[in-house]
Amino acid sequence: MSNEGSIAGSLFVHFAMLSMMAIGGGVITLAPDMHRFVVDANHWITDENFIAAFTIAQVSPGPNFLFATLVGLQAAGWLGAIATTVAIIVPPAALTVVTLRASVRSGGSALGRRIKSALAPVSVGMILATAWSLARVADNSWGGAVLTAVTVVVLMTRKLNPLWLIAGGALVGMAGWV
Amino acid sequence: MPRQVLPPDVPAAAAAAPAALLPSQLFMLFTQTAILGFGGVLPWAYLFLVERRKVLSKLEFSELLAFAQILPGPTICNLAVIVGHRNAGLVGAMTALAGMIAAPLVIVTTLGVAYRHFGDLAPVKHALAGMSAVAAGLVVAMALKMARELPRLWKNVIFAGLMFAGVGLMRWPLLAVIGVLAPLAFISFGKWTRR
């Protein structure tokens, strides 16, 4: 078997399991574990490749989770892209359909409330970890760290389309300040 | 009917389909929504589904969104599956999902292939470094906002903190950390929410 084939297989299995862990905060909360798996544990791609995949998906239209497709593309070519995309999309979609068809009413809204309250801090922890791990990878210079900090302050204090900030980041980067 | 419907119950709106859309219409609707969704599809989903096409009422939208959020996986895809299913059954679910994904997938892979070819050029590398620092900032801001909305409870601080430490600082596998913390959180919220 080709090397790309076996990498794509491992990606599929790992990402399919991860897809079912994306609760509350969405698929980007899976970024730390995807990074751990493809960069730290297996060395299929570099830090730079990983954060580039994330950034390209952010500036593209459509669901943000497509960064997983790019991670797969870089790790194992087209097979990898297909493997990660299918792995992220299909298991949760199947579960959604099954839930709709079965009309599961698992014990009424007390249980629903309890699951929701219990998952809230878990998903906040996941998104905090995501923020931490992306900033750690993206900010390997003082310029980068300053740019991240400025972005945070701007977004916390005013309503602005993030795409303008990303465009600004591209200019600052090209000027050689990052 | 006044019984408050909360996840994981399937909302009533998931079943009722007043003006059914055909699978092809669902595909087009979600394609439109997705390709306009720069930096987040959700606002566009609201605009198209509720305001323009009146496929859902405001209330139905928020009910179905809450349901889509509690299910694992990409929220926006779950929403597409639910709306598709409600209008045209299994085929509708599949075409709505396909519409949500197909066009963005082509765009993003095109950019990805371009990155593979040109990613090593200095201007591209530098621009991406700047854009990545901003993209990281977007996630940091989103994380802070989510943390701010969490009810001020000790157990929330503890579980969010442990999750952050395990996955972010220690870089332990997510499945293991969730596998331990989620059941503990579920147990800890047992008495508190019971009516």
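Where a number appears in this text, it was derived from the coordinates with a stated rule and is not lab data. As the structure is a prediction and not an experimental result, all values here were calculated from the model. Cβ: placed from backbone, ideal geometry, glycine included. Neighbour counts: every protein chain shown.
Points worth noting:
- For region A:57-74, putting each phi into the Karplus relation 6.51 cos²θ - 1.76 cosθ + 1.60 with θ = phi - 60° gives couplings of 5, 5, 8, 8, x, x, x, 5, 5, 5, 4, 4, 4, 5, 4, x, 4, 6 Hz, in residue order, rounded to whole numbers and with x for Gly and Pro.
- Mean separation of Cα contacts under 8 Å, 6 or more apart, over the residue count of chain B: relative contact order %: 19 percent
- In this structure, B:ILE187 and A:VAL98 have a Cβ-Cβ separation that, at R0 = 25 Å, corresponds to a calculated FRET efficiency of about 0.45.
- Placing a label point 7 Å from the Cα of A:TRP78 along the Cα-to-Cβ direction, the residues of region B:94-127 whose backbone N falls under 18 Å of that point are B:102-103, B:105-117.
- Here the average projected area of the convex hull drawn through the C-alpha atoms of the protein assembly as shown stands at 18.4 nm².
- Estimated D of chain A in µm² per second, where Rh is the Kirkwood radius over Cα pairs and Stokes-Einstein applies at 10 °C, 1.306 mPa s: 88 µm²/s
- Projected label distance in nm at A:ALA110 and A:LEU171, using a 7 Å step from Cα toward the beta-carbon: 5.9 nm
- The Cα center of region A:54-97 and the Cα center of region B:125-182 differ in position by 21 Å.
- Stokes-Einstein diffusion coefficient of region B:12-118, Kirkwood radius over Cα pairs, 10 °C, 1.306 mPa s, in µm²/s: 114 µm²/s
- Over region A:3-107, relative contact order from alpha-carbon pairs under 8 Å, at least 6 apart, %: 35 percent
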